[in-house]
Amino acid sequence: MKKEAKKENIENAIHKIESLKLRPVPLVGTERTVIAIIGDERILPVNKIKAMPGVEKVMEVLKPYKLASKEGKKASKVRVGDVVIGGQEVIIIAGPCAVESEKQIVEIAKSVKKSGAKILRGGAYKPRTGPYDFQGLGEKGLKLLAKARDATGLKIVTEVIDPRDVELVSKYTDILQVGTRNMQNYPLLKEVGKTKMPVLLKRGMWANYKELLLAAEYIMAQGNREVILCERGVRTFETYTRNTLDINAVPSLKELTHLPVIVDPSHGTGKKSLVTPMSRAAVAAGADGLIIETHCDPENAIVDADQTIDLDEFAKLMKQLDAIAKVIGRKI
Ligand code: PEP
Ligand code: MN
């Protein structure tokens, strides 16, 4: 209530809240009275209450993302078979931006597995900025990913860009990826929410933490609680890098949500020279995993060649990450 609110203003507000079958708890201070309202806030006509005489503002105490919020649960783990994301182990995902051929994906899978990666990435459906750019191999790409899984035992993650493809992609993959451009594609979020598949949800390149968490909430509200968040950089005024990788996001999201948080230093920087340093930073900041674009012949990668590291660099990076993880009581 406003400082100058009259006694009758306060009483009217209390009666209004009671008439809505919510419970008002007046907290009388020396300067002003605050009325806590207990109950289901979905039935609270916020604007009507705000307009009542003597009312200063109506504040939400509970987060609008109830299932994703830390208010109810401390930390959750997402299990992909025997791979646990959000536990003591920092899970590294590696692979090309796009699946190009059997030889390419199997060679990369074998090498990154040897270096310690637990999950193979690779896009079969690519959301490209231009309609004439390579759009991915589609179902053929999914089959090749499944072959690479058979050859190595790695789990796989691949992007789904169309709600109509969720069923098909789920048949092949272990984790469904929702990309930055689709973070607010609500029909797609609902569709992946109806499955029991783990979902890797990438932050919209324009989205703040609350919007990312509300996107996760869309998935969770459908019954699927297996959500992993991914910081992948946001658009800023900087032009030297493709995006600005927001390392703040890691500890910040961990203050706001129980969901695991991983980092994508490849899209986050757009530059292969920055992938190793930013991977180290992400692990040091407490990320539960990384997703790194890695290729057997990065110069000739069909998609995202500029930000893709080679297999040797990946192997070296893994050793460094292991050392950093140990310092903070984790392991790779
Ligand atoms: C990707 O992981 O290949 C991708 C397209 O990422 P983003 O959606 O973050 O751009
Ligand atoms: Mn890419």
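The values are calculated or read from the model by the stated rules, or taken from the named source; none is laboratory data. Given the structure is predicted, the values throughout are model-derived calculations rather than measurements. Here the Cβ positions follow ideal geometry from the backbone for every residue, glycine too, while neighbour counts run over all protein chains shown. We work out accessible area using only protein heavy atoms, side chains counted, and drop any ligands, DNA or RNA first. Shrake-Rupley method; radii C 1.70, N 1.55, O 1.52, S 1.80 Å.
A few notes on this one:
- The set of residues in the stretch 149-201 being charged (D, E, K, R), under 23 Å from Ile108 (Cα atoms) and touching a residue at least 40 places away in the same chain (Cβ under 8 Å) consists of Arg149, Lys155, Asp174.
- Screening Glu71 against (1) touching a residue at least 12 places away in the same chain (Cβ under 8 Å); (2) touching a Lys or Arg at 6+ places or on another chain (Cβ under 9 Å) leaves a single unmet condition, (1).
- Hits in the stretch 9-33 (condition: touching a residue at least 24 places away in the same chain (Cβ under 8 Å) and either in a loop (DSSP other than H, G, I, E, B) or among the charged types (D, E, K, R) (or both)): Lys16, Leu20, Glu31, Arg32
- Test: residue in the stretch 215-225 that is under 20 Å from Gly122 (Cα atoms) and assigned to a loop (DSSP other than H, G, I, E, B): no
- If you go through the stretch 210-221 and keep only what is in contact (Cβ under 8 Å) with a residue 60 or more places away in the chain and over 12 Å from the mean Cα position of the chain (by Cα), you end up with Met220, Ala221.
- Yes/no for Val275 being β-branched (Val, Ile, Thr) and more than 14 Å from ligand 2 (Cβ to nearest atom): no
- Check on Ala117, touching a strand residue (DSSP E or B) at 6+ places or on another chain (Cβ under 9 Å) and of a type in the set (Gly, Ala, Ser): yes
- Residues that are small (Gly, Ala, Ser), surrounded by fewer than 17 Cβ atoms within 10 Å (Cβ to Cβ) and closer than 24 Å to Met205 by Cβ within the stretch 105-150 comprise just one, Gly130.
- Taking the criterion of being touching a residue at least 60 places away in the same chain (Cβ under 8 Å) and either out of contact with any helix residue (DSSP H, G or I) (no Cβ under 8 Å at 6 or more places or on another chain) or open to solvent by 50 Å² or more (accessible area, probe 1.4 Å) (or both), the residues of the stretch 222-244 that qualify are Arg225, Glu226, Ile228, Cys230, Arg242.
- The set of residues from the stretch 245-278 being open to solvent by less than 50 Å² (accessible area, probe 1.4 Å) and not in a helix (DSSP H, G or I) comprises Leu245, Asp246, Ile247, Thr257, His258, Leu259, Pro260, Val261, Ile262, Val263, Asp264, Gly270.
- Number of positions in the stretch 290-304 that are within 11 Å of ligand 1 (Cβ to nearest atom) and in contact with a Leu (Cβ under 8 Å, 6 or more places away or on another chain): 2
- Qualifying residues in the stretch 285-310 (those that are in a loop (DSSP other than H, G, I, E, B) and among the acidic types (Asp, Glu)) - the one nearest to ligand 2 (Cβ to nearest atom): Asp304
- Subset of the stretch 174-214 [part of a helix (DSSP H, G or I), open to solvent by 10 Å² or more (accessible area, probe 1.4 Å) and more than 16 Å from ligand 2 (Cβ to nearest atom)]: Tyr186, Pro187, Lys190, Glu191, Tyr209, Lys210, Glu211, Leu214
- Entry remark, the stretch 214-269: residues being of a type in the set (Lys, Arg) and away from ligand 1 (no atom under 12 Å from the Cβ) number 2 in total.
- Test: residue in the stretch 34-57 that is out of contact with any Cys (no Cβ under 8 Å at 6 or more places or on another chain), at pLDDT 90 or above and assigned to a strand (DSSP E or B): yes
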